[in-house]
């Protein structure tokens, strides 16, 4: 990919990844075949802010974890909330963790697309 395409990708999707991974993403994109670059840029990355909003409203049911592909945690969160109501503690903690988990999942998707 050329520098302009990389800058556009990072300007539009840079907030979707952990900030410490941006230099590594830039380097991977610079040395990437064009077909893989297209695959990496066309992935539907999940917006961490949108997932935080989902977590605020329906996170106690595990929907936020289901969205990022953590089905086991989503089921556990849902069952804990339904069975004993103590899932509210997990929900409150998750309000602080879900954006980081979403960014990490986006990075994993990117790395799978570029073959790394």
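For segment 37-50, filtered to residues that are in contact with a helix residue (DSSP H, G or I) (Cβ under 8 Å, 6 or more places away or on another chain) and assigned to a helix (DSSP H, G or I), the residue that is nearest to residue 109 (Cα to Cα) is 40. Candidates are the residues of segment 15-45 that are more than 20 Å from residue 103 (Cα to Cα) and touching a residue at least 40 places away in the same chain (Cβ under 8 Å); the one that is surrounded by the most Cβ atoms within 10 Å (Cβ to Cβ) is 32. Every residue in segment 70-89 that is buried (at least 17 other Cβ atoms within 10 Å of the Cβ) and over 16 Å from residue 108 (Cβ atoms), please. Residues satisfying the conditions are 74, 77, 78, 80, 81, 87.
Could you tell me whether any residue of segment 39-53 is over 30 Å from residue 4 (Cα atoms) and at pLDDT 95 or above?
yes
Within segment 91-107, the set of residues being farther than 15 Å from residue 66 by Cα and surrounded by 12 or more Cβ atoms within 10 Å (Cβ to Cβ) comprises 107 only. Pairs linking a residue in segment 1-14 that is without any contact (Cβ under 8 Å) to a residue 12 or more places away in the chain to a residue that is assigned to a helix (DSSP H, G or I) and surrounded by 12 or more Cβ atoms within 10 Å (Cβ to Cβ), with Cβ atoms under 7 Å and 6 or more positions apart or on different chains, are 14/22.
Of all residues in segment 51-69, those that are assigned to a loop (DSSP other than H, G, I, E, B) and buried (at least 17 other Cβ atoms within 10 Å of the Cβ) total 2. Within segment 76-105, can you find the residues that are touching a helix residue (DSSP H, G or I) at 6+ places or on another chain (Cβ under 9 Å) and not in a helix (DSSP H, G or I)? 86, the sole residue that qualifies. Exactly one residue out of 80, 67, 97 is free of Cβ contacts under 8 Å to residues at least 40 places away in the same chain and over 30 Å from residue 23 (Cα atoms), and it is 80.
The values are calculated or read from the model by the stated rules, or taken from the named source; none is laboratory data. Please read all numbers here as calculations on a predicted model, not as lab measurements. Ideal geometry is used to build each Cβ from the backbone, glycine not excepted, and the neighbour counts take in all protein chains shown.
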